[in-house]
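Worksheet for the structure shown next.
The values are calculated or read from the model by the stated rules, or taken from the named source; none is laboratory data. The structure displayed is predicted, hence computed values, not measured ones. Reconstructed Cβ throughout: ideal geometry from the backbone, glycine too, with neighbour counts over all protein chains shown. Ligands, DNA and RNA are stripped out before the accessible areas are found, and what is left, the full protein with its side chains, is counted by its heavy atoms. Shrake-Rupley method; radii C 1.70, N 1.55, O 1.52, S 1.80 Å.
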Amino acid sequence: MSFPKARLRRLRKTANIRRLIKNVSLSKDDLLYPIFVKEGIKEKSEIKNMPGQWHHSLKTLNEVIDDCESAGIPGVIIFGIPENKDETGSEAFNDQGIVQTAVSRIKSESSLAVFTDVCLCQYTIHGHCGILDESGLNNDKTLEVLRKTSVSHARAGADFVSPSGMIDGQVKEIREALDNEGFGDVGIMSYSAKFASNFYGPFRDAVESSPKKVEGLPHLGDRSTYQMDFKTSEQPMREIKLDIEEGADIVMVKPALPYLDVIREARQTFDVPISAYQVSGEYTMIKRLSENDEDYEKRLFLESLNSIKRAGANFILTYGALDVSRWLSET
(Lines give C-alpha, C1' and ligand atoms only; values in the text may rest on other atoms or scores of the structure.)
Protein backbone atom coordinates (compact mmCIF):
# COMPACT_ATOMS: atom_id res chain seq x y z
CA MET A 1 0.00 0.00 0.00
CA SER A 2 1.25 3.44 -0.81
CA PHE A 3 2.01 6.02 1.84
CA PRO A 4 0.61 6.49 4.43
CA LYS A 5 0.60 3.01 6.01
CA ALA A 6 -0.98 4.31 9.22
CA ARG A 7 -4.48 5.28 8.18
CA LEU A 8 -6.47 6.36 11.20
CA ARG A 9 -9.62 6.61 9.13
CA ARG A 10 -9.82 2.82 9.45
CA LEU A 11 -10.73 3.43 13.08
CA ARG A 12 -13.61 5.68 12.04
CA LYS A 13 -15.02 3.57 9.24
CA THR A 14 -18.35 2.63 10.85
CA ALA A 15 -20.39 3.71 13.83
CA ASN A 16 -19.85 0.37 15.59
CA ILE A 17 -16.08 0.55 15.17
CA ARG A 18 -16.15 4.05 16.60
CA ARG A 19 -18.16 2.70 19.55
CA LEU A 20 -15.61 -0.04 20.20
CA ILE A 21 -12.58 2.23 20.41
CA LYS A 22 -13.96 5.30 22.15
CA ASN A 23 -12.37 5.98 25.52
CA VAL A 24 -14.58 8.84 26.68
CA SER A 25 -18.15 8.21 27.71
CA LEU A 26 -20.92 10.38 29.10
CA SER A 27 -23.80 8.96 31.12
CA LYS A 28 -26.60 10.26 33.30
CA ASP A 29 -24.40 9.22 36.26
CA ASP A 30 -22.13 12.14 35.35
CA LEU A 31 -24.76 14.87 35.80
CA LEU A 32 -25.73 17.11 38.73
CA TYR A 33 -28.75 19.36 38.20
CA PRO A 34 -28.88 22.92 39.63
CA ILE A 35 -32.27 23.96 41.04
CA PHE A 36 -33.33 27.51 41.89
CA VAL A 37 -35.79 27.79 44.77
CA LYS A 38 -37.27 31.24 45.36
CA GLU A 39 -38.94 32.41 48.52
CA GLY A 40 -42.24 34.25 48.32
CA ILE A 41 -43.59 32.79 45.08
CA LYS A 42 -46.46 30.31 44.82
CA GLU A 43 -45.88 28.87 41.35
CA LYS A 44 -42.79 28.28 39.25
CA SER A 45 -41.72 30.99 36.82
CA GLU A 46 -39.36 30.70 33.86
CA ILE A 47 -36.03 32.47 34.23
CA LYS A 48 -35.90 35.13 31.53
CA ASN A 49 -32.28 34.76 30.43
CA MET A 50 -32.03 30.98 30.89
CA PRO A 51 -34.49 29.28 28.53
CA GLY A 52 -35.96 26.12 30.00
CA GLN A 53 -34.92 26.94 33.57
CA TRP A 54 -37.27 27.92 36.37
CA HIS A 55 -37.56 29.62 39.70
CA HIS A 56 -39.32 26.98 41.76
CA SER A 57 -41.53 27.63 44.74
CA LEU A 58 -41.63 25.24 47.65
CA LYS A 59 -44.98 24.17 46.24
CA THR A 60 -43.51 23.16 42.85
CA LEU A 61 -40.30 21.68 44.23
CA ASN A 62 -41.74 18.16 44.20
CA GLU A 63 -42.38 18.50 40.48
CA VAL A 64 -38.73 19.08 39.57
CA ILE A 65 -37.51 16.45 42.05
CA ASP A 66 -39.83 13.92 40.40
CA ASP A 67 -38.36 14.95 37.04
CA CYS A 68 -34.83 14.36 38.34
CA GLU A 69 -35.72 10.94 39.71
CA SER A 70 -37.44 9.95 36.47
CA ALA A 71 -34.39 11.11 34.51
CA GLY A 72 -32.17 8.87 36.63
CA ILE A 73 -29.61 11.50 37.56
CA PRO A 74 -27.79 11.06 40.88
CA GLY A 75 -28.38 14.43 42.52
CA VAL A 76 -29.11 18.14 42.61
CA ILE A 77 -27.51 21.31 43.90
CA ILE A 78 -29.80 23.86 45.51
CA PHE A 79 -29.57 27.63 45.09
CA GLY A 80 -31.90 29.78 47.18
CA ILE A 81 -33.24 33.26 46.54
CA PRO A 82 -34.53 34.77 49.79
CA GLU A 83 -37.16 37.46 50.23
CA ASN A 84 -35.07 39.41 52.73
CA LYS A 85 -31.49 40.57 52.28
CA ASP A 86 -29.18 42.60 54.49
CA GLU A 87 -25.58 43.81 54.69
CA THR A 88 -24.29 40.59 56.23
CA GLY A 89 -26.36 37.91 54.51
CA SER A 90 -27.80 36.69 57.78
CA GLU A 91 -30.68 34.89 56.07
CA ALA A 92 -28.13 32.41 54.71
CA PHE A 93 -27.94 30.60 58.08
CA ASN A 94 -31.63 30.84 59.00
CA ASP A 95 -32.65 27.27 59.86
CA GLN A 96 -36.08 28.09 58.41
CA GLY A 97 -34.60 29.72 55.30
CA ILE A 98 -35.45 28.85 51.72
CA VAL A 99 -32.50 26.48 51.13
CA GLN A 100 -32.89 24.77 54.48
CA THR A 101 -36.61 24.21 53.97
CA ALA A 102 -36.09 22.95 50.43
CA VAL A 103 -33.34 20.52 51.47
CA SER A 104 -35.40 19.17 54.34
CA ARG A 105 -38.33 18.49 52.02
CA ILE A 106 -36.20 16.82 49.38
CA LYS A 107 -34.42 14.56 51.86
CA SER A 108 -37.69 13.50 53.47
CA GLU A 109 -39.12 12.32 50.15
CA SER A 110 -36.22 11.44 47.85
CA SER A 111 -32.99 9.48 47.74
CA LEU A 112 -31.29 12.01 45.47
CA ALA A 113 -27.91 13.28 46.62
CA VAL A 114 -28.38 16.90 47.72
CA PHE A 115 -25.62 19.50 47.44
CA THR A 116 -26.08 23.09 48.58
CA ASP A 117 -24.36 26.24 47.41
CA VAL A 118 -22.72 28.08 50.32
CA CYS A 119 -22.19 31.73 49.46
CA LEU A 120 -23.57 35.08 50.56
CA CYS A 121 -23.99 36.90 47.24
CA GLN A 122 -27.72 36.20 46.91
CA TYR A 123 -28.30 37.07 50.58
CA THR A 124 -26.57 40.46 50.71
CA ILE A 125 -28.06 43.73 49.50
CA HIS A 126 -24.77 44.60 47.78
CA GLY A 127 -24.47 41.27 45.92
CA HIS A 128 -20.93 40.51 47.09
CA CYS A 129 -19.87 37.15 48.47
CA GLY A 130 -19.05 38.26 51.98
CA ILE A 131 -18.99 40.86 54.72
CA LEU A 132 -17.77 44.28 53.64
CA ASP A 133 -15.84 46.86 55.65
CA GLU A 134 -13.80 49.95 54.84
CA SER A 135 -11.05 47.84 53.24
CA GLY A 136 -13.34 45.79 51.01
CA LEU A 137 -14.46 42.20 51.53
CA ASN A 138 -13.45 41.10 55.01
CA ASN A 139 -12.24 37.55 54.51
CA ASP A 140 -12.21 36.37 58.13
CA LYS A 141 -15.56 37.83 59.16
CA THR A 142 -17.05 36.17 56.11
CA LEU A 143 -15.67 32.81 57.27
CA GLU A 144 -17.75 33.08 60.44
CA VAL A 145 -20.95 33.34 58.40
CA LEU A 146 -19.94 30.52 56.07
CA ARG A 147 -19.38 28.27 59.07
CA LYS A 148 -22.87 28.94 60.40
CA THR A 149 -24.45 28.58 56.96
CA SER A 150 -22.80 25.22 56.31
CA VAL A 151 -23.89 23.83 59.66
CA SER A 152 -27.41 25.06 59.01
CA HIS A 153 -27.48 23.28 55.64
CA ALA A 154 -26.12 20.11 57.22
CA ARG A 155 -28.76 20.29 59.92
CA ALA A 156 -31.40 20.42 57.18
CA GLY A 157 -30.01 17.22 55.66
CA ALA A 158 -27.54 18.27 52.94
CA ASP A 159 -25.17 15.52 51.83
CA PHE A 160 -22.56 18.01 50.59
CA VAL A 161 -22.05 21.71 51.17
CA SER A 162 -20.39 23.65 48.37
CA PRO A 163 -18.57 26.87 49.29
CA SER A 164 -18.40 29.01 46.16
CA GLY A 165 -17.12 32.41 47.28
CA MET A 166 -13.37 31.79 46.88
CA ILE A 167 -12.85 33.01 50.44
CA ASP A 168 -9.40 32.07 51.75
CA GLY A 169 -9.59 29.31 54.35
CA GLN A 170 -13.26 28.52 53.73
CA VAL A 171 -12.80 24.76 53.45
CA LYS A 172 -10.82 24.45 56.69
CA GLU A 173 -13.30 26.55 58.63
CA ILE A 174 -16.32 24.71 57.26
CA ARG A 175 -14.79 21.28 57.86
CA GLU A 176 -14.01 22.23 61.43
CA ALA A 177 -17.50 23.62 62.02
CA LEU A 178 -19.21 20.55 60.58
CA ASP A 179 -17.07 18.17 62.63
CA ASN A 180 -17.61 20.15 65.83
CA GLU A 181 -21.39 19.98 65.35
CA GLY A 182 -21.46 16.25 64.70
CA PHE A 183 -21.72 16.40 60.90
CA GLY A 184 -18.53 14.55 60.08
CA ASP A 185 -20.33 12.60 57.35
CA VAL A 186 -21.32 15.74 55.43
CA GLY A 187 -18.93 16.31 52.55
CA ILE A 188 -17.46 19.45 51.03
CA MET A 189 -17.40 20.12 47.32
CA SER A 190 -15.37 23.28 47.02
CA TYR A 191 -15.49 25.69 44.10
CA SER A 192 -11.71 25.56 44.21
CA ALA A 193 -10.77 26.99 40.80
CA LYS A 194 -13.46 29.59 40.20
CA PHE A 195 -12.64 32.34 37.76
CA ALA A 196 -13.91 35.92 37.59
CA SER A 197 -15.72 35.00 34.41
CA ASN A 198 -17.96 36.84 32.01
CA PHE A 199 -20.05 33.69 31.57
CA TYR A 200 -22.00 34.10 34.84
CA GLY A 201 -24.42 36.80 33.71
CA PRO A 202 -27.64 34.77 33.35
CA PHE A 203 -27.04 33.06 36.71
CA ARG A 204 -26.57 36.36 38.50
CA ASP A 205 -29.87 37.56 37.09
CA ALA A 206 -31.51 34.31 38.18
CA VAL A 207 -30.39 34.57 41.82
CA GLU A 208 -30.47 38.38 41.93
CA SER A 209 -26.82 38.56 42.95
CA SER A 210 -25.13 40.95 40.54
CA PRO A 211 -22.41 42.76 42.53
CA LYS A 212 -23.12 46.43 43.12
CA LYS A 213 -20.69 49.28 43.33
CA VAL A 214 -20.20 50.32 46.93
CA GLU A 215 -19.54 53.91 47.94
CA GLY A 216 -15.96 54.33 49.10
CA LEU A 217 -14.94 50.96 47.64
CA PRO A 218 -14.49 51.58 43.91
CA HIS A 219 -12.43 48.40 43.48
CA LEU A 220 -15.45 46.28 44.44
CA GLY A 221 -17.42 46.90 41.26
CA ASP A 222 -16.98 43.22 40.42
CA ARG A 223 -15.61 40.09 42.11
CA SER A 224 -12.09 40.20 40.75
CA THR A 225 -10.56 40.70 44.22
CA TYR A 226 -11.64 37.21 45.30
CA GLN A 227 -12.34 35.16 42.15
CA MET A 228 -9.34 34.26 39.97
CA ASP A 229 -8.19 36.26 36.99
CA PHE A 230 -8.69 34.23 33.81
CA LYS A 231 -5.24 35.37 32.66
CA THR A 232 -3.48 33.38 35.38
CA SER A 233 -2.25 29.83 34.89
CA GLU A 234 -0.49 28.93 38.17
CA GLN A 235 -3.10 29.98 40.74
CA PRO A 236 -5.72 27.29 39.96
CA MET A 237 -3.46 24.42 41.04
CA ARG A 238 -2.42 26.30 44.18
CA GLU A 239 -6.05 26.93 45.08
CA ILE A 240 -7.00 23.30 44.51
CA LYS A 241 -4.03 22.04 46.51
CA LEU A 242 -4.91 24.26 49.45
CA ASP A 243 -8.53 23.14 49.42
CA ILE A 244 -7.52 19.48 49.40
CA GLU A 245 -5.16 20.07 52.30
CA GLU A 246 -7.95 21.84 54.18
CA GLY A 247 -10.32 18.89 53.74
CA ALA A 248 -12.22 19.23 50.45
CA ASP A 249 -13.71 15.92 49.33
CA ILE A 250 -14.45 17.13 45.78
CA VAL A 251 -12.92 20.09 43.97
CA MET A 252 -14.54 22.07 41.17
CA VAL A 253 -13.41 24.02 38.13
CA LYS A 254 -15.79 26.80 37.09
CA PRO A 255 -16.60 27.62 34.29
CA ALA A 256 -15.98 24.39 32.39
CA LEU A 257 -15.59 24.76 28.64
CA PRO A 258 -13.25 27.82 28.60
CA TYR A 259 -11.07 26.11 31.23
CA LEU A 260 -10.60 22.59 29.90
CA ASP A 261 -6.85 23.04 30.33
CA VAL A 262 -7.37 23.60 34.05
CA ILE A 263 -9.55 20.50 34.35
CA ARG A 264 -6.91 18.46 32.54
CA GLU A 265 -4.05 19.72 34.70
CA ALA A 266 -6.05 19.12 37.87
CA ARG A 267 -6.84 15.57 36.74
CA GLN A 268 -3.15 14.88 36.10
CA THR A 269 -2.04 16.48 39.38
CA PHE A 270 -4.56 15.45 42.04
CA ASP A 271 -6.13 12.15 43.04
CA VAL A 272 -9.53 13.47 44.13
CA PRO A 273 -12.92 13.68 42.39
CA ILE A 274 -13.14 16.70 40.10
CA SER A 275 -16.39 18.37 39.14
CA ALA A 276 -16.86 20.99 36.46
CA TYR A 277 -19.64 23.55 36.17
CA GLN A 278 -21.13 24.18 32.73
CA VAL A 279 -22.26 27.63 33.77
CA SER A 280 -25.26 29.72 32.77
CA GLY A 281 -23.48 31.52 29.95
CA GLU A 282 -22.31 28.26 28.39
CA TYR A 283 -25.82 26.81 28.71
CA THR A 284 -27.58 29.86 27.33
CA MET A 285 -25.26 30.14 24.33
CA ILE A 286 -26.19 26.60 23.31
CA LYS A 287 -29.89 27.29 23.84
CA ARG A 288 -29.77 30.48 21.78
CA LEU A 289 -27.65 28.96 19.02
CA SER A 290 -29.93 25.94 18.64
CA GLU A 291 -33.25 27.70 19.11
CA ASN A 292 -36.17 25.66 17.68
CA ASP A 293 -33.86 22.84 16.60
CA GLU A 294 -33.73 20.15 19.28
CA ASP A 295 -31.50 17.83 17.29
CA TYR A 296 -28.87 20.57 16.95
CA GLU A 297 -29.24 21.41 20.64
CA LYS A 298 -28.71 17.76 21.51
CA ARG A 299 -25.55 17.57 19.41
CA LEU A 300 -24.15 20.76 20.93
CA PHE A 301 -24.77 19.62 24.49
CA LEU A 302 -23.35 16.16 23.95
CA GLU A 303 -20.24 17.52 22.25
CA SER A 304 -19.57 20.10 24.95
CA LEU A 305 -20.22 17.72 27.85
CA ASN A 306 -18.11 14.95 26.35
CA SER A 307 -15.26 17.43 25.93
CA ILE A 308 -15.49 18.26 29.64
CA LYS A 309 -15.38 14.56 30.49
CA ARG A 310 -12.46 14.09 28.07
CA ALA A 311 -10.52 16.78 29.91
CA GLY A 312 -10.86 14.76 33.13
CA ALA A 313 -13.98 15.80 35.05
CA ASN A 314 -15.66 13.06 37.07
CA PHE A 315 -19.03 14.77 36.84
CA ILE A 316 -20.62 17.95 35.54
CA LEU A 317 -23.07 20.47 36.93
CA THR A 318 -25.27 21.42 34.01
CA TYR A 319 -28.66 23.04 33.52
CA GLY A 320 -29.12 20.66 30.62
CA ALA A 321 -29.05 17.58 32.85
CA LEU A 322 -32.70 16.58 32.41
CA ASP A 323 -32.70 16.86 28.62
CA VAL A 324 -29.26 15.25 28.32
CA SER A 325 -30.40 12.30 30.43
CA ARG A 326 -33.37 11.82 28.12
CA TRP A 327 -31.17 11.99 25.02
CA LEU A 328 -28.69 9.50 26.47
CA SER A 329 -31.55 7.10 27.21
CA GLU A 330 -32.66 7.32 23.60
CA THR A 331 -29.28 6.36 22.14
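In order along segment 178-193, the Karplus-derived 3J(HN,Hα) couplings, from 6.51 cos²θ - 1.76 cosθ + 1.60 at θ = phi - 60°, round to 4, 5, 5, 9, x, 10, x, 8, 7, x, 10, 9, 8, 6, 6, 10 Hz, and Gly and Pro are given as x.
Around the amide H of residue 77, modelled in the peptide plane, lie the amide H atoms of 33, 35, 115, all under 5 Å away and 5 or more residues distant in sequence or on another chain.
Among the GluC sites (Glu not before Pro) found in segment 255-331, those both in a DSSP coil and sparsely packed, with 14 or fewer other Cβ atoms within 10 Å of their Cβ, are 291.
Subtracting the Cα-Cα distance of residue 231 and residue 125 from their residue separation scaled by 0.36 nm leaves 35.2 nm.
When only the Cβ of Lys, Arg, Asp and Glu is charged (+1, +1, -1, -1), the dipole of segment 166-310 relative to its Cα centre reaches about 480 debye. How far is it, in nm, from the label point at residue 109 to the one at residue 222 when both lie 7 Å from their Cα along the line to the Cβ? In this crude label model, residue 109 to residue 222 measures out at 4.1 nm. Counting heavy atoms of the protein chains alone, residue 54 has an accessible area of about 80 Å² for a 1.4 Å probe.
Counting only protein heavy atoms and using a 1.4 Å probe, what share of the accessible area of the chain belongs to carbon plus sulfur, as a whole percent? Spell out each step's value before the answer.
Details: 7420 of 15470 Å².
Summing carbon and sulfur atoms, their accessible area is 48 percent of the total for the chain.
Shape class of segment 21-150 from the Cα gyration tensor (axes a ≥ b ≥ c, square roots of the eigenvalues): prolate, since a/c reaches 1.5 or more and a/b is larger than b/c. Using a 7 Å offset from Cα along Cα-Cβ at residue 168, what residues in segment 99-132 end up with backbone N under 18 Å from the label point? Residues 129-132 fall inside that zone. Counted residue by residue at 0.36 nm each, then reduced by the alpha carbon distance between them, the extension gain from residue 58 to residue 27 reaches 8.2 nm. If a/c stays under 1.5 just call it rounded; otherwise compare a/b with b/c (prolate if a/b is bigger, oblate if not). Do that for segment 27-330, with a ≥ b ≥ c from the square roots of the Cα gyration tensor eigenvalues. Since a/c stays below 1.5, the shape of segment 27-330 is classed as rounded.
Using the Cβ-Cβ distance between residue 214 and residue 306 with R0 = 51 Å, the FRET efficiency computed as 1/(1 + (r/R0)^6) comes to roughly 0.75. Give the long-range amide H neighbours of residue 317: residues separated by 5 or more places, or on another chain, with amide H under 5 Å away, using H modelled in the peptide plane at 1.01 Å from N. For residue 317, whose amide H was placed from the backbone, the distant partners under 5 Å are 32, 276, 277, 278. Annotation: amide H of residue 214 within the under-5 Å range of 220, sequence separation 5 or more or interchain, hydrogens built in the peptide plane. Reported to the nearest whole Å, the Cα centre-to-centre distance from segment 231-270 to segment 140-197 is 18.
The trypsin sites (Lys or Arg not before Pro) found in segment 141-231 that occupy coil by DSSP, while having at most 13 further C-beta atoms within 10 Å, are 212, 213, 231. Length gained on full extension, residue 138 to residue 292, computed as 0.36 nm times the residue gap minus the Cα-Cα distance: 50.8 nm. Positive end of the dipole of segment 239-281 (Cβ unit charges, origin at the Cα centre): among 242, 257, 274, the Cα lying farthest that way belongs to 257. A simple spin-label model places pseudo-atoms 7 Å from Cα toward Cβ; at residue 267 and residue 185 they are separated by 3.2 nm.
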